[in-house]
1. Checking the condition more than 12 Å from chain A (Cβ to nearest Cβ), more than 14 Å from B:ALA94 (Cβ to Cβ) and either of a type outside the set (Gly, Ala, Ser) or crowded, with 19+ Cβ neighbours inside 10 Å (or both), which residue from B:VAL196, B:VAL248, B:VAL227, B:VAL231 passes?
2. Among the residues in the stretch A:200-207, are any among the aliphatic types (A, V, I, L, M), part of a helix (DSSP H, G or I) and surrounded by 21 or more Cβ atoms within 10 Å (Cβ to Cβ)?
3. For residues in the stretch A:55-75 being aliphatic (A, V, I, L, M) and over 26 Å from the mean Cα position of the chain (by Cα), which is nearest to A:ASP247 (Cα to Cα)?
4. Regarding the stretch A:233-246, can at least one residue be identified that is part of a helix (DSSP H, G or I) and hydrophobic (A, V, I, L, M, F, W, C)?
5. Condition test on B:ARG237, is it among the basic types (Lys, Arg) and either modelled with pLDDT of 95 or more or touching a helix residue (DSSP H, G or I) at 6+ places or on another chain (Cβ under 6 Å) (or both)?
6. Condition check: crowded, with 16+ Cβ neighbours inside 10 Å and either acidic (Asp, Glu) or in a helix (DSSP H, G or I) (or both). Does B:LEU84 satisfy that?
7. Mind checking whether some residue in the stretch A:148-156 is in contact with a Leu (Cβ under 6 Å, 6 or more places away or on another chain) and facing chain B (nearest Cβ under 7 Å)?
Amino acid sequence: MAAAVAARASISDRLTGVSAGRRRTTVDRTMRTLSFVAALLCVVPLGAVLVFVAAKGLPALSLDLITKGPKALGIGGGAANAVLGTLQMVPIAALLAIPSGVLGAIYVAEFGDRRLARIVRFCADVLVGIPSILIGIFVFTFLVLPFKQFNAFAGSVALAIIMLPVVMRTTEESLHLVPNSLREASLALGVPMWRTVLSVVLRTGLPGILTGSMLAFARAMGETAPLLFTALGSRLINVGNLGQPMDALPLFIYTNAREPIEALNEQAWGAAALLLLVVLFINIAVRARSFGRRIG
Amino acid sequence: MTAPSTSAARFGRSASRVPDLVFRLGTGGFAWVVVGIVVLVGILLAASSTQVFEKFGLSFLTGSTWDPVAAVYGALPFIVGTLLSSFIAILLAAPIGILTAIFLAELAPRRVAVPLTFAVELLAAIPSVVYGLWGVFILGPFLASTVDAWLHGALGWIPIFAGTPDGVGLFSAGVILTLMILPTIVAISRDVITAVPDSQREAMLALGATRWEMITKSVLPYARSGVYGAVILGLGRALGETMAVTMVIGNRTALPKTIFDSSQTIASQIATTFSEAGAGLPTSALIGLGLVLLVTTMSLNIVARLLVWRVAGPGTDRR
C-alpha cells in the first residue's frame, strides 16, 4: 500500500508538480482520518448511553421494582404496573400486527400484480415515516373519543399500527428470497397454490419473517408517543381490563423522569435499564444471526 | 425483480380454484389494510381539525400567540421550534453521517466495518424515551458546562447565541435529534454508496486519483441523489421525533429568540398538552398542528424515497 501510494505520488508529481502532489496526498490522508473520527463520533453516544443507563439504572433495578406497584399515596413501591402493562399491550399488538402483516405481505409478494404491489409497498413505507405521535392521535379519534375513556386496547392498536409496516416489509422481502423452483416443484406435484404458499413458501421464508417480527416487537416495546393519548398510563396495576387505562415501561420512564423527586427519577433509571436490556437483547440476538451474511 | 412477476403470472392462472380464490382475496384484504390506514390517518386528522382552520384560516400557521385561555391559536412558535431543532440536527448529523457512511463503505477494513455498522444499528434500536432520560440528566448538564458555554463565550455577541445555556432548550434538543437520526443517514447513505458500480471507482483510480479523490469525484456524484434522500429521510425523522425532544426542549410556548431558549416543537406541544385539552377548539387546534406535521413529514418522505430509488432501486430504504 505504501509503495503504491509512493508510486502514485511520484507519477502525479511529474504531471502536476511536487507540491500539488503532496497537497493531494495530504488532503487524502486528512479526509480519511476525518471519516474515521466521524465514525467514532457515531459510536461514542451509544457507549455513553449504555454506560450511564447501566451505572444509574442497574443499582435501581431491584426485585421490588419489578414485583411491586407504585404506592397509592407518596413515593416508593415499584414499576409492576408498567411491567405488566407492557407484557399485555405489546403481545396483543403483536397478535394484531404480525398475522395481518404476514398475510398482507403474502398477497404483495405472491399474488399482487406489480402496480398494486407497488401501491401497497409505498403505503407501508409512508406509514413507517408517519411520526408515531400522530398514530396516537389517529387511534384516539376512533377508539378513545367515542367511548370517552382512555383504554389499553387503544394502546395495543396504536402499537400494532407501528409494527404492521415493519412486519410487512421484512416478510415480503424474505418471501422474495424464496427460490421460484420451490414453488414450481410444489405446484407440479399438484399441491394447490394456497397450500404451496403456506407450507412451502412461508416455511422457507420463516427465519426472515421471525427476524422482522421480533424487531417490530422490540420497537413496539420502546414506543411511548402512541400510548400517551390511548393507554394514557396508570398508577394502578391493571391485569386483563383492556377497557381501562394501563401503564407501560416507556410511559413509566417518561412520567417519573419529569417529576422533580429524586427517588422517582431513580425508578425511571431502573425501568430504563430493564427496558434497554430487553430491547437490546432482542436486537442483538436477532441481528447477530443474519448480520455476517447481510453486510458481505 | 423478475421472480415475483413470473410467479404472479403463474399463480394468477391457477387462482380460478375456489380455495385459492378465497386465500387470494383474504390476503388481499390484509394488504389493503395498510393503504386504508394511511388514507384514514389523513382523513381523520383533516376532519378533526376543520374547526380551527375554519376559525383562523391561514393565520393559524402564521400567528405567534398560542393561548388556550383566550382561545387564540397561532402555531408559529411550534413551527419555528420544530424547524430550528431539526435544522441544528441536520447541520450536525449530515456531515458526520455521510463521512461515517463513506468510512464504512469505502475505507474501513471488513473487521472494523462490521462491528461499527452493527453499533450504528443498535443506536437506532434505543427507545426514544431512554434517549430523553439520558438527555435530561446526563447530556443536558454536560452540554451546558462544555459546548454551550464555549459557543456562548465565543459567539455570544451574535444574537442567536446569546441567552443562558442551562442544558435545556433548542440546542440540546438538536443534539439529541442528531444522535437519533444518525443511524438513518448512515445506513441509507452506506447502501447507496455501496450500490455505486465498481467500474466508477476503477476508472478514477486508473487515472491516478487518490482514494479521497475517487470518493469525491466519482462515487459521491454517482450516489448524490441517494445521499440527499438519506439526509431528507433523517430530516423527516427529526421533525416528527417526540419523546426525547419533549424531555429536553423545556416546553415553553413562545417564539424562541436564541438557540439556548426553552422552546416547543409541534410534536412536543401535542405530547405535553393533548390529553388534557378540552373538547372542541382546543383539541381541534392540536390536531391541526398534527396535520401540519403529517403533511410535512409525508411529503419529505415521498421525495426522499424517490431520490434513494434513483440510485439504489426500490427496497433499499425500508429502515
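1. It is B:VAL196.
2. Yes: one or more hits.
3. A:ALA72
4. Within the stretch A:233-246, the subset part of a helix (DSSP H, G or I) is none.
Checking the stretch A:233-246: not a single residue is part of a helix (DSSP H, G or I) and hydrophobic (A, V, I, L, M, F, W, C).
5. Working: among the basic types (Lys, Arg): yes; either modelled with pLDDT of 95 or more or touching a helix residue (DSSP H, G or I) at 6+ places or on another chain (Cβ under 6 Å) (or both): yes.
When the stated conditions are applied, B:ARG237 passes them.
6. Answer is yes for this residue.
7. Scanning the stretch A:148-156 turns up no residue that is in contact with a Leu (Cβ under 6 Å, 6 or more places away or on another chain) and facing chain B (nearest Cβ under 7 Å).
One line per residue, one yes/no per condition, for (1) at pLDDT 95 or above; (2) surrounded by fewer than 20 Cβ atoms within 10 Å (Cβ to Cβ); (3) β-branched (Val, Ile, Thr); (4) outside any loop (DSSP other than H, G, I, E, B):
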| site | (1), (2), (3), (4) |
| --- | --- |
| B:PRO256 | no, no, no, no |
| B:SER268 | yes, no, no, yes |
| B:THR272 | yes, yes, yes, yes |
| B:GLY278 | no, yes, no, no |
| B:GLY290 | yes, no, no, yes |
| B:LEU307 | no, no, no, yes |
| B:GLY315 | no, yes, no, no |
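The values are calculated or read from the model by the stated rules, or taken from the named source; none is laboratory data. All values reported here derive from a predicted model rather than from experimental measurement. For neighbour counting, all protein chains shown are included, and Cβ atoms are generated from backbone atoms with ideal geometry for every residue, glycine included.
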